[in-house]
Amino acid sequence: MAPSPSIERIHTDVLIIGAGAAGLRAAIETRKKNVDVLIVCKGKVGRSGATFYPSSPTRGIQASSGIGIDTVDRHIQDILNVGLGEADYNLAEILASEAPKRLEDLLTFGVGLAKRDGEIIREPGCFSKVPRAAIIENVGDFASCLINNVNRMGGKLYEQLQIVKLFVTDNRIYGALGIGKAGEVVEIYAKAVIIAAGGGAGVFKNTLTHPEQVGDSYVLAVEVGARIRNIEFFQIMLGTFRPDYMGFFPIDLFRKSPVFRDAKGDSIFDKYISEDELNIAFAHRATHFLFSTRDSSKWIDVAVEDAYKSSAVSVNVDVKMFEIAPFAHAFNRGIVINERCETSVDGLYACGEAATGMHGADRIGGNMLSATQVFGARAGLYAAEKSSRTINDGNPFRYELPPIDCNNGLSISDLRVAIRDIKDVIFDCALVIRSRKKCVNSLLILESINNLIENAKIKDAQDSRLYFSLTNALKFSVILIKAILSRREAIGPHYIIE
Ligand SMILES: Cc1cc2nc3c(=O)[nH]c(=O)nc-3n(C[C@H](O)[C@H](O)[C@H](O)COP(=O)(O)OP(=O)(O)OC[C@H]3O[C@@H](n4cnc5c(N)ncnc54)[C@H](O)[C@@H]3O)c2cc1C
C-alpha cells in the first residue's frame, strides 16, 4: 500500500490564494488591519502568474491624472464604451475613482514609473485615445517592491503550494486544501479567503501568459457555488514564435505595409478582405493589440487563425520576418463580486483577473493592473474586517485525494499528454473563430478525456498537483465552451459562426 502523505495544518485569519499584483496588494491592505494573512502561490513567488510573466518587460497601468481631458469621469465613460454594455457601472466607477490613489501607493512601495522631466509619462492604452496609462518600468522590480512590502508588514508567503479545494459548509468558507511540491497535504483554516489566482489563458496551447494559469480561480469558485459570468470575453492577440518565442507582435508594424503569407507563399487575406479594406484594417490594428469584432481589423486575426491551422504564417516587414499565430492573453470577466469584492459565498472574496464586473466585453489596455490594485486593496480591507468579526470552528475537513497505484496508476507523462490534448482541443474551438459545431464536438472529446481520468489512480503522490491541474484544465475548458455556446451575437472578442 502507498504511504499516506503527511498533513500540515495551518490557521490564519485571511488566506489569499495567489501572489500576483492582486494577491500581494490585498495582503498589504490586510496587514494594515493587523490580522494574520497567509499568501499562497502555485509557483515561485515573483515568478508565477501573469503579472510578473517576463515576455514583456514593462506594464501599462491606467489611472487618471486629472489634467485636461484625462478626468475620472472620462475614464468611467471610456470603460463603459469599450466594454460594449457589459461593464458594471458601480465597479467601473470605483476602478476609475480609486486608480489614481492606488498608483500613488505604488510609488510609496518603491515601484519605478517611467518619467520625463520629473513627470510621470502617460500613454494611451488599447481602445482608448486618452494618454492615461503610466508605465511600470520593470516587471522584476515591480515584483520585488510588492513582495518586500508584504514581508516588511508581516505577511506570510508560502510558495509552491497549489490550492485544490475550498472548504465551504452552509455557504460559508472555512479554509482550503493545498498540495505542496512533494505531494504533501496542507490544510489551511481561515476566517476569510480571497481568490486572487488569476485567469485561464494558460489552458490554450498558444498563450501569452504563464502556462500554469489554467483557470483554477474559476473552478475553485464554481465548485463551492460562487457565480462566474461571461468568461467568453477574454483577450486574444497576435503573438510571435520567431524571432521571439511567444512575444507580442509589434502593432506599429501595421503602419509599414506588412505582407502576410502562408507556407506556400500565398496571401492569407484574399478569402476575407479586399486590398483597400485591408489597408483600413491595418490602420485600425496599429492602435490596438487585441482582436475585437468592433472594427475591420478582426479579419486579420480570422485570416491568421484560419491559415495557421493548416500551415505556418509569416509576416515580412522592413526586411524582417516574423512567424506568428493568435494567442490567448488575459480574461476580462470571471467571478462575480460586489463593491466589497464579496462573492456569493460568505467569507469568500475575489480580485484581480479572477474577478469580473469592472471591465466589459473589451477592456482598455492597462485597466487590468489598475483593477489588481484597486480591487486587491478592497478585497484585503473587507476580508480583514470580516475575519475580525468571525470565529472559526476549525473542524477538520473531509476531502479525497487522488488514489495511488504505483503499478497501474497514471504516470506523469500520461498526465502531461492529457493536458496537452486539452490545450489542443480548446485552441481548436475557442480562440478566434468559434464554431458552434466544433464547440459541441469538443465537449464530446473532453468528456472522453474525463472518462479516462475520472476514476483513475496516479502512480505517485508527487503527481497530485499535476493531476489537479489536469482536472482543473478540463473543468475550466468545459465551462469556457459552454459560455461560448451560450452567446449568439458577435461582440468584443467573441466571434461565433454557425
Ligand atoms: C506578458 C503580459 C503583459 C501584460 N501587460 C499588461 C499591461 O501592460 N497592463 C495591464 O493592465 N495588464 C497587462 N497584462 C495583464 C495583467 O498583467 C494580468 O491580468 C494581471 O497582472 C493579473 O494579476 P493577478 O494578480 O490577478 O493574477 P496573476 O498575476 O496571474 O497571479 C496569479 C497568482 O495565483 C497563483 N495561483 C494560480 N493558481 C493557484 C492555485 N491553484 N493555488 C495557489 N496559487 C495559485 C499563481 O501562482 C500566481 O501567483 C499583461 C499580462 C501578461 C501576461
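Numbers at a glance
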{"read-out": "E232, sole failed condition from (1) without any contact (Cβ under 8 Å) to a residue 12 or more places away in the chain; (2) in a loop (DSSP other than H, G, I, E, B); (3) under 24 Å from G492 (Cα atoms)", "value": "(1)"}
{"read-out": "Segment 265-301 - residue that is hydrophobic (A, V, I, L, M, F, W, C) and in contact (Cβ under 8 Å) with a residue 60 or more places away in the chain and, of those, nearest to I491 (Cα to Cα)", "value": "F291"}
{"read-out": "Hits in segment 358-379 (condition: away from the ligand (no atom under 12 Å from the Cβ) and touching a Gly at 6+ places or on another chain (Cβ under 9 Å))", "value": "G360, A361, D362"}
{"read-out": "Matching entry among R242, R172 (being away from the ligand (no atom under 14 Å from the Cβ), within 13 Å of L348 (Cα to Cα) and charged (D, E, K, R))", "value": "R172"}
{"read-out": "Segment 245-265, residues that are within 22 Å of the chain's Cα centre (by Cα), surrounded by fewer than 17 Cβ atoms within 10 Å (Cβ to Cβ) and farther than 15 Å from T287 by Cβ", "value": "Y245, M246"}
{"read-out": "Strands (runs of 3 or more DSSP E) within segment 294-365 that include 2 or more residues buried (at least 21 other Cβ atoms within 10 Å of the Cβ)", "value": "320-331, 348-350"}
{"read-out": "Residue count, segment 88-110 (criterion: under 23 Å from T343 (Cβ atoms) and part of a loop (DSSP other than H, G, I, E, B))", "value": "1"}
{"read-out": "Segment 175-222: number of residues that are within 12 Å of the ligand (Cβ to nearest atom), farther than 12 Å from E353 by Cα and among the acidic types (D, E)", "value": "1"}
{"read-out": "Residue count for segment 45-87, restricted to those that are in a loop (DSSP other than H, G, I, E, B) and under 17 Å from the mean Cα position of the chain (by Cα)", "value": "12"}
{"read-out": "Criterion violated by G60 - all others in (1) modelled with pLDDT under 95; (2) farther than 26 Å from Y158 by Cα; (3) within 7 Å of the ligand (Cβ to nearest atom) satisfied", "value": "(1)"}
{"read-out": "Checking Y349 against (1) hydroxyl-bearing (S, T, Y); (2) farther than 22 Å from G202 by Cβ; (3) not assigned by TED's automatic domain parsing to the domain that holds G199, the condition it does not meet", "value": "(3)"}
{"read-out": "Members of segment 326-356 that are over 15 Å from G376 (Cβ atoms) and more than 16 Å from the ligand (Cβ to nearest atom)", "value": "N338, S344, V345, D346, G347"}
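The values are calculated or read from the model by the stated rules, or taken from the named source; none is laboratory data. All values derive from a computational prediction rather than experimental measurement. Glycine also receives a Cβ, built like all others from the backbone with ideal geometry; neighbour counts cover every protein chain displayed.
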